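Visitor: The following block contains the structure, expressed as structure tokens.
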Amino acid sequence: MSQSSDSATARYDRLERTPMRTIGAASGFGLRRTWLSLRDLLGHREMLGLLVRRDLKSRYKDSTLGFFWSLARPLLQLAIYFIVVGQFLQAARGIPDFAVYIFAGLTAIGLFTEITVGATGSILGNSGLVKKVYVPREVFPLASVGSALFNFGIQLVVLIVATFVIGKPPVHLQLLYFFPALALIVVFGTALGLLFSALNVYLRDVQYLVELGTMLLFWASPVVYSWQMVSSSIHSPLLLDVYTSNPLTLAVIGFQHAFWVAGDGVPQPDGLLLRMAIALVVGLALLFVSHRVFLRLQGNFAQEM
């Protein structure tokens, strides 16, 4: 009995000497707290990889053709827009190689939509894990970003193959516009995805608002029409600047500039690269703020589900 009591006392002594360690991400806007949150997230990168693979497998689970559907959907989308919008509605008039032009825009806008919509529903979609296991909650919206980038890679291959098929591969200096355009989409999509995924836990209407917003952004960007049509219709330089400064518009134009070789001589917005650089800085600031808001709201996720 005495030996058992001594063992319990020694155990309590060890517990008292053990330093307290906070579980969970640090809140606040300080750089140190941001670094602690990122370090915690990096420590769970294997979990992030598992969630990405799970999302990709569950999307085509029990389907016979599997990842073929990743190719079929953009190809069907391309055919519909090319025939209905391009030929029937005459949107292809004055736009050479309309198929490549429209598919470049669809690839860019599709990545943004998939990141934003997928990340918005990611916390609620993983409510079972959120309630039972501690992991940085950011891994769920980031897993949606990872699976969206995988599907984007497939569409990008289709786009590049299409440029070779028509005999105009993007072997030109403008191909470099692809990188800032992609960075704009990923940064803004991730920032909005983090913010909306946290708000969606408290207010479920957010996911429907996001779907409507992405639909609006699609038509507010020069995907199925050209920027030149807009510039010739809007006579106010201020309004044209507002339209052009939309980060998604800049990203779509960047994609078209990179892959649409037939448009090399077509006028583009003044200072396109500078506009993209400024938008990218704004996007990084938005990503930082969205992350901190996410951390502030995540404390009551389990109770709100």
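The values are calculated or read from the model by the stated rules, or taken from the named source; none is laboratory data. Being a predicted model, the structure only gives us computed values, none of them experimental. Cβ coordinates were reconstructed from backbone atoms using ideal geometry, including for glycine residues, and neighbour counts include every protein chain displayed. Side chains are part of the model used for accessible areas, which takes the heavy atoms of the whole protein and leaves out ligands, DNA and RNA. Shrake-Rupley method; radii C 1.70, N 1.55, O 1.52, S 1.80 Å.
Visitor: Just checking, how many residues over segment 73-105 are over 19 Å from Asn151 (Cα atoms) and within 22 Å of the chain's Cα centre (by Cα)?
Guide: So the count comes out to 1.
Visitor: So which helices (runs of 4 or more DSSP H) stay within segment 45-142 end to end and still have 1 or more residues that are open to solvent by 60 Å² or more (accessible area, probe 1.4 Å)?
Guide: Once the helices (runs of 4 or more DSSP H) in segment 45-142 are filtered for at least 1 residues that are open to solvent by 60 Å² or more (accessible area, probe 1.4 Å), what remains is 45-59, 68-80, 122-125, 127-132.
Visitor: Take segment 159-194 and flag every residue that is touching a Pro at 6+ places or on another chain (Cβ under 9 Å), more than 23 Å from Arg73 (Cβ to Cβ) and surrounded by fewer than 23 Cβ atoms within 10 Å (Cβ to Cβ).
Guide: Val187
Visitor: I need the full set of residues from segment 262-287 which are at pLDDT below 90 and either open to solvent by 40 Å² or more (accessible area, probe 1.4 Å) or under 26 Å from Pro141 (Cα atoms) (or both), in order please.
Guide: Matches in segment 262-287: Asp264, Gly265, Pro267, Gln268, Asp270, Gly271.
Visitor: I've got another one for you. Under 6 Å between Cβ atoms, which residue pairs at least 6 apart in sequence (or on different chains) link something in segment 85-104 that is over 20 Å from Val230 (Cβ atoms) with a partner that is open to solvent by 40 Å² or more (accessible area, probe 1.4 Å)?
Guide: Short answer, once both residue conditions are applied: Ala99/Phe82.
Visitor: So, one more: Would you mind telling me which numbered condition in (1) assigned to a loop (DSSP other than H, G, I, E, B); (2) surrounded by fewer than 16 Cβ atoms within 10 Å (Cβ to Cβ); (3) of a type outside the set (A, V, I, L, M, F, W, C); (4) touching a residue at least 24 places away in the same chain (Cβ under 8 Å) Ser221 fails?
Guide: So the condition that Ser221 fails would be (2).
Visitor: Are any residues in segment 240-249 touching a Ser or Thr at 6+ places or on another chain (Cβ under 7 Å) and either open to solvent by less than 10 Å² (accessible area, probe 1.4 Å) or hydrophobic (A, V, I, L, M, F, W, C) (or both), and if so, which ones?
Guide: Across segment 240-249, the qualifying residues are Leu240, Leu248, Thr249.
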